[in-house]
Amino acid sequence: MAGFTGSCLCGAVRFKSTADPQLVGHCHCVDCRKSSGTGHCTHLVVPEAAFSVTGKVTFHDRAADSGNIVSRGFCGTCGSPIYSKNSGMPGAVFPRASVLDEPGIVKPQMIVYASRAPSWDHMDPALPSFAIMPEGGPQQAVAGSQPG
């Protein structure tokens with residue numbers, strides 16, 4: 001893969017990443033569930049410098065369990081979630097896999113907040129799964145921590 005593109009439902013917001021994802025993960029935290037309208041979100045992690053957006057993105061800020069502020073960006077016209085930022089991970093952005101032009105290009109690598117997953121939202125049992133966010137964040141977990 002050499003980067004990727006995506007857009008909201010109505011097409012008012014488009015984005016492009018010139019970098020491939022550094023990480024792809026599923027998250028079952030309450031905020032991800034509620035902002036997605038389903039049992040989890042699937043996020044990509046890319047360098048902010050490689051990510052560009054056209055159109056107006058509206059942000060909603062909320063503190064995560066860690067105390068970091070997560071800014072969730074969505075299309076103000078159709079409401080599609082586009083990407084988020086986390087104050088604890090400066091320089092990274094987290095596009096949603098659900099709004100990729102070609103969602104099949106990504107391969108999830110882990111599951112976080114598995115303890116908060118609804119019973120009906122089944123995940124690949126072969127993926128490393130963490131009850132909460134691993135210490136050091138998702139990138140540290142993929143780099144070598146053992147699932148808990």
message: For the range 118-134 and the range 1-73, what is the centre-to-centre distance using only Cα atoms, to the nearest Å?
response: 19 Å
query: So what's the back-of-envelope 222 nm ellipticity for the chain, counting only DSSP H runs of four-plus at -39500 (n - 2.57) apiece and dividing by all residues, rounded to 500?
result: -2500 deg cm²/dmol
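Report the FRET efficiency, 1/(1 + (r/R0)^6), for ASP65 and THR38, where r is their Cβ-Cβ distance and R0 is 25 Å, rounded to 0.05.
The calculated FRET efficiency here is 0.80.
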field: Magnitude of the charge dipole, the chain, Cβ model with Lys/Arg +1 and Asp/Glu -1, debye to 20
entry: 340 debye
message: Can you tell me the length gained on complete extension of the stretch ILE132 to THR58, counting 0.36 nm per residue apart and subtracting the Cα distance?
response: 23.9 nm
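Every read-out reported here was derived from the displayed coordinates using simple, explicitly stated rules and does not represent laboratory data. Everything quoted here is computed from the prediction, not taken from an experiment. Counting neighbours? That spans all protein chains shown, and the Cβs are built from the backbone with ideal geometry, glycine included.
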